[in-house]
1. Please state which one of E330, E300 is within 16 Å of ligand 2 (Cβ to nearest atom), among the charged types (D, E, K, R) and surrounded by fewer than 16 Cβ atoms within 10 Å (Cβ to Cβ).
2. Mind telling me which of the residues R111, R51, R126 ends up being under 23 Å from R241 (Cα atoms) and among the charged types (D, E, K, R)?
3. Quick check on my filter: what residues within region 26-55 are part of a helix (DSSP H, G or I) and under 23 Å from P271 (Cβ atoms)?
4. Which residue pairs have Cβ atoms closer than 9 Å, lie 6 or more positions apart in sequence or on different chains, and pair a first residue in region 390-412 that is small (G, A, S) with a second residue that is buried (at least 18 other Cβ atoms within 10 Å of the Cβ) and part of a strand (DSSP E or B)?
5. So, in region 97-146, of the ones that are under 25 Å from A310 (Cβ atoms) and modelled with pLDDT under 95, which residue ends up surrounded by the most Cβ atoms within 10 Å (Cβ to Cβ)?
6. Answer with yes or no whether L254 is assigned to a helix (DSSP H, G or I) and not hydroxyl-bearing (S, T, Y).
7. With the requirement that a residue be outside any loop (DSSP other than H, G, I, E, B) and either free of Cβ contacts under 8 Å to residues at least 60 places away in the same chain or under 24 Å from the mean Cα position of the chain (by Cα) (or both), what does region 9-25 give you?
8. Out of R373, R341, R315, report the one residue that is part of a helix (DSSP H, G or I) and among the basic types (K, R).
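The values are calculated or read from the model by the stated rules, or taken from the named source; none is laboratory data. Computed from a predicted structure; not experimentally measured. Cβ coordinates were reconstructed from backbone atoms using ideal geometry, including for glycine residues, and neighbour counts include every protein chain displayed.
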Amino acid sequence: MAQQTSFPRQDIQVLLLEGISPRAVEAFRSAGYTRIEEHAKALPQDELKRRIAEAHIVGLRSRTQLTADVLAEARKLLAVGAFCIGTNQIDLSAAKALGVPVFNAPYSNTRSVAELVLAEIIMLLRGIPARNMQCHRHGWSKSAGGSHEARGKTLGIIGYGHIGTQLGLLAESLGMQVLFHDIETKLALGNARPAADLDDLLQRADVVSLHVPETPATKLMFGSVQLQRMKPGAHVVNASRGTVVDIDALAAALHSGHVGGAAVDVFPVEPESNTDRFESPLCGIDNVLLTPHIGGSTLEAQDNIGLEVAAKLLRYSDNGSTLSAVNFPEVSLPEHAGSHRLLHIHRNVPGVLSAINDIFGRRGINIDGQYLRTDPQLGYVVIDVAVDSLQSNELRNELAAIPGTLRTRVLF
Ligand SMILES: NC(=O)c1ccc[n+]([C@@H]2O[C@H](COP(=O)([O-])OP(=O)(O)OC[C@H]3O[C@@H](n4cnc5c(N)ncnc54)[C@H](O)[C@@H]3O)[C@@H](O)[C@H]2O)c1
Ligand SMILES: O=C(O)[C@H](O)COP(=O)(O)O
């Protein structure tokens with residue numbers, strides 16, 4: 001039989017990993033959720049499996065790998081919150097197949113990334129990484145050689161989304177010309193112009209900055225071929241995902257001098273915690289700025305993300321709304337004061353809705369409100385009925401036993 005839950009907020013176990021902002025914890029507490037377990041870092045997979053088995057709500061960032069294997073242990077799980085933008089660390093299809101919506105924060109740290117990248121562009125154009133290293137080694141090389149103003153230079157942005165567009169506007173305020181390449185048709189902001197194609201962008205840009213998500217199509221999309229197409233001496237910035245750039249090819253292009261410098265925030269393999277050693281072929285190359293995946297790590301961004309994702313999780317837990325879920329049919333629901341609410345999540349197979357309606361009809365329960373969203377895999381039905389109409393265990397068992405049902409939940 002499909003999982004059936006209906007319990008008070010103080011019984012809902014919230015597991016928050018990877019040092020999620022205290023603002024999220026405050027939001028859960030002030031909504032009446034008291035069972036909150038916090039961890040400052042990601043958990044090893046075995047421990048994650050043990051902890052997730054008890055959790056109703058899980059919050060994580062980019063480090064935790066929520067694989068199908070881990071999700072299989074999450075028998076009580078209602079929802080997942082990615083307190084970041086990327087959701088590539090979560091097996092979204094496996095979560096969906098279990099009837100678990102995943103929410104993220106698509107905007108809250110984008111300004112922080114754009115600001116960092118802008119600063120890095122100036123640093124690279126002035127050759128600061130190597131000069132900084134030289135001074136640390138007691139060297140002194142006061143010279144204008146290889147140093148350039150950003151004004152008048154061309155920035156090529158690959159992936160013109162929330163971060164790419166903000167970066168473009170900030171770069172224009174320095175007098176840079178902005179070219180972009182995206183797989184979607186995008187509205188060009190300010191004086192930015194779409195490049196004819198990726199090759200065109202690579203051949204014209206003085207700095208290339210990557211802002212694409214991790215997808216099968218972006219995996220290693222930036223390798224030796226793309227690096228060789230760049231102008232000699234041009235710079236590369238990657239604050240997107242470590243899998244997007246062939247890091248060995250980038251190291252080789254830096255060593256050969258074809259690429260003038262690089263700023264890299266994300267890596268194909270990142271340390272599991274702050275106590276683990278960081279290894280990369282880029283370590284020790286003087287004209288490279290390395291940062292430990294902190295593009296979105298400002299206090300402002302983390303606080304905003306904490307509030308945004310906690311609010312989405314609370315809204316789903318208390319009200320059933322799935323608005324802005326990344327793997328689930330989206331339903332925005334009104335408050336249900338004065339009624340009780342059934343949430344019914346099922347595989348999208350014929351007959352489920354009529355079976356639900358039959359059950360209510362046979363029992364003479366009037367439906368006050370009904371909301372339905374489906375996609376090819378999943379159906380999500382929400383039904384509001386008079387207070388106390390859903391108290392019967394027998395009724396709830398009958399609803400949960402409808403073939404195709406994944407989960408049912410009653411909000412009293
Ligand atoms: N370093 C960090 O701390 C940090 C912080 C936030 C986000 N990120 C990463 O940055 C990525 C981008 O963030 P965003 O908010 O701008 O995302 P977004 O979804 O708003 O924009 C991504 C853009 O890339 C485009 N795109 C997708 N595939 C492409 C391809 N193959 N070629 C060209 N364009 C392609 C999309 O059409 C979209 O316009 C995130 O997915 C995340 O992985 C990193
Ligand atoms: O996807 C994101 O938003 C960024 O990569 C930031 O991830 P983080 O929260 O783990 O720093």
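1. From the options E330, E300, the qualifying one is E300.
2. Only one candidate qualifies: R111.
3. Across region 26-55, the qualifying residues are Q45, D46, E47, L48, K49, R50, R51, I52.
4. Within 9 Å, the pairs are A400/H344; A400/R407; A400/T408; G404/H346; G404/G379.
5. It comes out as S108.
6. Yes.
7. Matches in region 9-25: Q10, D11, V14, L15, L16, P22, R23, A24, V25.
8. Exactly one residue qualifies, and that residue is R315.
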